[in-house]
Amino acid sequence: MYKSFAKIYDKAMEGYDYPYVADFIKRHIKKGSEVLEMACGSGSLTKLLEKEYELSSFDISEEMLKIAEEKVKGFKNFSKQDMRSFSYDKSFDAIICLCDSINYILKEDQLIEVFEGVKKHLKDGGLFIFDVNTIYNFEENFSDEIFYEDGDDYFYVWDNFYDSEKTLNYYSLIIFRKEESGYEKSYEEHVERAYDIDSLKEILLKNSFKKIEIRDSYTDLPYKKDTERAVFICQK
C-alpha cells in the first residue's frame, strides 16, 4: 500500500486543499500545543502545521515517509508506525488523523484498537480530530467509477468497485511512470471501509470521548445525509 502510488501521490492530490484543512485545524487546536499527526502520508499537512505546534508525525508507508522527509526539511519527528499499535512515551494535547486514513481500518475490532491508542496518548480534555469518507460518498461518487490522469511523466487508471453489503470500496490502480529507460508499469490495490456515522459515534462514546461534534467536511456546518466527508471533533 502506497508504494508505487507514493511516487505520484502529490501530483494526483494537487487539487486537494491542504491549506483549507490546516486552517480548520488551527481554528480548533491552540497554537503551541503538543500534537500527534497519525497517517501523515507525504507530509503536505505536516509542512503547514510544524511551525504552529510541537508536532510528531507517523505513517506506515516507508515510501511516503521518504517523500515527507524531503518535503519538510529539518523536521525530526517522523516515525514509521501503525495506527493500530503506535506508541509514544508522552501524551498529547491533540491527535489528528486526516485524509480518510481511518477508512483504511477494515475491521471494527481494529478500529477499537486505534481509538484505544488515541485515548491512551491523549491528555484529559484533549481533542481527537479525524475524517472519514461516508457511505454516501462511496455510493454516489466511487461505486463502479473509473478515473484516470495523464501527467507529463506519469499516467494512471483508478478503477473502483464498491461492495455495498460489506461496505468496502476496492481501488485498483495501474500506474505508468516515466523513467530514463522508458515507462515503468506498476499495480496497487487499496481497500477502504465505509463506516456508519452513528456507529462510529457510539464506539467513540464507549471509549471515553465525552463530547463529539460531527461536521460536514472542514466547515462549521453539521454533518448531514449527503455529507461526503465527515469530520469528527472528539474531546476526551
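The values are calculated or read from the model by the stated rules, or taken from the named source; none is laboratory data. Keep in mind that this is a model prediction, so the values were computed, not measured. Positions of Cβ are generated from backbone atoms using ideal geometry, with glycine treated the same way; all protein chains shown enter the neighbour counts.
Summary of values
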item	result
Unmet requirement for S181, which otherwise passes all of (1) out of contact with any Leu (no Cβ under 7 Å at 6 or more places or on another chain); (2) polar (S, T, N, Q); (3) at pLDDT 95 or above	(3)
Single condition K178 does not satisfy, out of (1) out of contact with any strand residue (DSSP E or B) (no Cβ under 7 Å at 6 or more places or on another chain); (2) in contact (Cβ under 8 Å) with a residue 24 or more places away in the chain; (3) more than 18 Å from N103 (Cβ to Cβ)	(1)
